[in-house]
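Below: one structure, written as structure tokens.
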Amino acid sequence: MNKNSTIIKDYNEVFEVAPIGMAIASLEGVLLKVNDEFCNTIGYTSDELLQKNFAWFTHPEDLDENLNKNKKIVEGELSSHQMEKRYFHKNGN
């Protein structure tokens with residue numbers, strides 16, 4: 001196994017077992033990958049979440065900041081971003 005393959009394998013393992021919810025989204029906000037803790041936190045399965053836009057379950061008060069950061073990525077002002085935000089759980093909470 002070459003070095004890049006090892007790094008990718010290690011990253012995927014850490015992503016999957018992380019004690020916090022994590023998601024990877026496209027520049028358009030479509031979820032491409034979610035870990036189990038993210039699914040547990042908001043009550044949806046990965047199948048229900050993948051290909052959904054993050055705006056679908058993001059609290060409205062957090063959406064503008066998230067959209068602005070995504071815009072800065074598209075414009076080249078940021079290379080990535082992370083933020084704490086609120087989500088709507090599948091049960092409505």
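Points to keep in mind about this one:
- Shape summary: the chain maps onto an equivalent ellipsoid whose semi-axes, from the alpha-carbon gyration tensor, are 23, 19, 11 Å in decreasing order.
- Normalising the average separation of contacting C-alpha pairs (under 8 angstrom, six or more residues apart) by the number of residues puts the relative contact order of the stretch 1-82 at 21 percent.
- Here the spin labels are modelled as points 7 Å beyond Cα on the Cα-Cβ line, and at ILE24 and THR41 they lie 1.7 nm apart.
- Average Cα contact separation per residue, the stretch 1-44, under 8 Å, 6 or more apart, as relative contact order %: 31
- Computed over the chain with a Gaussian network model linking Cα atoms closer than 10 Å, the most mobile of ASN66, ASN35, ASN12 is ASN12.
- Accessible surface of the chain [probe 1.4 Å, protein heavy atoms]: carbon and sulfur percent: 52
- Comparing mean-square fluctuations of SER79, SER46, SER26 from a GNM of the chain with C-alpha springs under 10 Å, the top value falls on SER79.
- Over the stretch 12-59: Rg over Rh, Cα atoms, Kirkwood Rh: 0.94
- Cα→Cβ-extended label distance, 7 Å offset, between PHE88 and PHE15, nm: 2.7
- Based on DSSP H segments of at least four residues, each scored -39500 (n - 2.57), the chain has a per-residue ellipticity at 222 nm of -13000 deg cm²/dmol.
- The stretch 1-83: GluC sites (Glu not before Pro) in DSSP coil with no more than 14 other Cβ atoms inside 10 Å: GLU28, GLU75, GLU77
- Under 5 Å, built H, 5+ apart or other chain: amide partners of LYS33: ILE24
- For TYR87, distant residues with modelled amide H under 5 Å away: HIS59
- Probe 1.4 Å, protein heavy atoms only - accessible area per residue of the stretch 15-81 in square angstrom: 62
- Per-pair calculated FRET efficiency, R0 = 25 Å: GLU48 and ASN4 via Cβ, rounded to 0.05: 0.20
The values are calculated or read from the model by the stated rules, or taken from the named source; none is laboratory data. The structure displayed is predicted, hence computed values, not measured ones. FYI the Cβ positions are ideal-geometry reconstructions off the backbone, even for glycines, and counts take in every protein chain you see. Heads up: the accessible areas ignore ligands, DNA and RNA and are worked out on the full protein's heavy atoms, side chains in. Shrake-Rupley method; radii C 1.70, N 1.55, O 1.52, S 1.80 Å.
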